[in-house]
1. Name every residue in region 101-125 that is modelled with pLDDT of 85 or more and within 30 Å of the chain's Cα centre (by Cα), in order of residue number.
2. Anything in region 165-182 that is touching a residue at least 24 places away in the same chain (Cβ under 8 Å) and open to solvent by less than 10 Å² (accessible area, probe 1.4 Å)? List them, or say none.
3. Run residue 196 past the list (1) open to solvent by 50 Å² or more (accessible area, probe 1.4 Å); (2) more than 14 Å from residue 147 (Cα to Cα) and report the number of the one that doesn't hold.
4. Within region 97-114, count every residue that is over 11 Å from residue 87 (Cα atoms) and part of a loop (DSSP other than H, G, I, E, B).
5. Using beta carbons and a limit of 6 Å, which pairs, at least six apart or on different chains, have the first residue in region 185-196 and more than 16 Å from residue 254 (Cβ to Cβ) and the second one aromatic (Phe, Trp, Tyr)?
6. So is residue 46 at pLDDT below 85, part of a helix (DSSP H, G or I) and hydroxyl-bearing (Ser, Thr, Tyr) or not?
7. For region 241-262, state whether one or more residues are open to solvent by 80 Å² or more (accessible area, probe 1.4 Å), modelled with pLDDT of 75 or more and not in a loop (DSSP other than H, G, I, E, B).
8. Anything in region 62-90 that is modelled with pLDDT of 80 or more and not in a helix (DSSP H, G or I)? List them, or say none.
Amino acid sequence: MTSKKSRLSMLDSLAAAGAPVASPAPAASMMSSNRALRSARDAVDSHRVWDLEPHQIEDTRVHDRLDPNDVLDLRAAIEANGQTVPILVRRHPSEADRYLLVYGRRRLEAIRTSDKVEKVRALVANLDEDAAVRAQISENMARRDLSFIEKALFAQELVENGFGNQSQVAEVLTVTKSAVSMAIAIAEAVGAGLIRAIGPAQGIGRPRWDALAKAIADSGADRNALIRIAEKEYTDFAVDAVTEGTDAAPADPSVLAFEAVFKAAVPSPAPQAKPARKARTLTQPLTVDGRRSATLRRTAKGVSLELPGGGFADWLEAEAQNVIEELHARWQSRGED
């Protein structure tokens, strides 16, 4: 029989369950400093792992993830190796032999959709609604794999479902109230339907989601049209995955969906007109008997002739009309000889 100490360490490992393999969380140190998870551990009934029927467990929690397909790899792993980490449930307050999920949604869903695994391994804790939600939040924060928009939507739903006000939600999420307020404002402006159509979009942070929210508000963009754009990206991604084999790392369809929606909603900056090229001034010195006697200037406005003061300048001023007529006549008769 597994010792009590082993059972407790199993619950400790829940904080790291589901974390990216490349950066596993130090579960024990997180548990020792996390009151919500520690309280959940202390509340485990008899520290025993139960084998439960999936249909005995209800999932009424606030949803904290946007990708419904992220259980496929986990299901394959459980079918191959068994469920190594139990989920955490609490007893239903009014129905016998029924349980409410505290955390472990992906593991539960993986087993529910499996044809090979029939039972769910679970720890049963004596927690009330508030403590269960806090444990769920703390487990997700320990994993540190929720994207910005998942956290924003999670915070919004916590407030809307009566968990607490923004200050209380900020305290549980260990962020500032202003961060929660800004995240909820962005989630409301974009809209839950569009957010769920786009998906988690890991790596897309607050500034770009904020830009999308402002563009939708300013332009009055049709969210249903934007949802269809996001859905098309998922469809195209699925088709490409089947028809185009590649060894490259697969792209994230939710990021592709965000980029497509962003492009459709945020107007491209108008091309800036090139500044008019400043016309150059050309100067040509004119000489008489080898000596410089005038300067010819050519600009965008025309041609000017500059003469130094003196007798020749006085004569040209007096004869200007005759000289210009003579020059014009010579210009007209050019090439006629």
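The values are calculated or read from the model by the stated rules, or taken from the named source; none is laboratory data. Please read all numbers here as calculations on a predicted model, not as lab measurements. All Cβ positions, glycine included, derive from the backbone under ideal geometry; neighbour counts span all protein chains shown. Heavy atoms of the whole protein, side chains included, go into the accessibility calculation; ligands, DNA and RNA do not. Shrake-Rupley method; radii C 1.70, N 1.55, O 1.52, S 1.80 Å.
1. 101, 107, 108, 109, 110, 113
2. Once the filter is applied, which keeps residues that are touching a residue at least 24 places away in the same chain (Cβ under 8 Å) and open to solvent by less than 10 Å² (accessible area, probe 1.4 Å), region 165-182 yields only 180.
3. The number of the failed condition is (2).
4. Adding up the residues that qualify gives 4.
5. From residues that are more than 16 Å from residue 254 (Cβ to Cβ), the pairs are 186/209.
6. No, not satisfied.
7. The answer is no, given that none of the residues of region 241-262 is open to solvent by 80 Å² or more (accessible area, probe 1.4 Å), modelled with pLDDT of 75 or more and not in a loop (DSSP other than H, G, I, E, B).
8. Of everything in region 62-90, those that are modelled with pLDDT of 80 or more and not in a helix (DSSP H, G or I) turn out to be 82, 83, 86, 87, 88, 89, 90.
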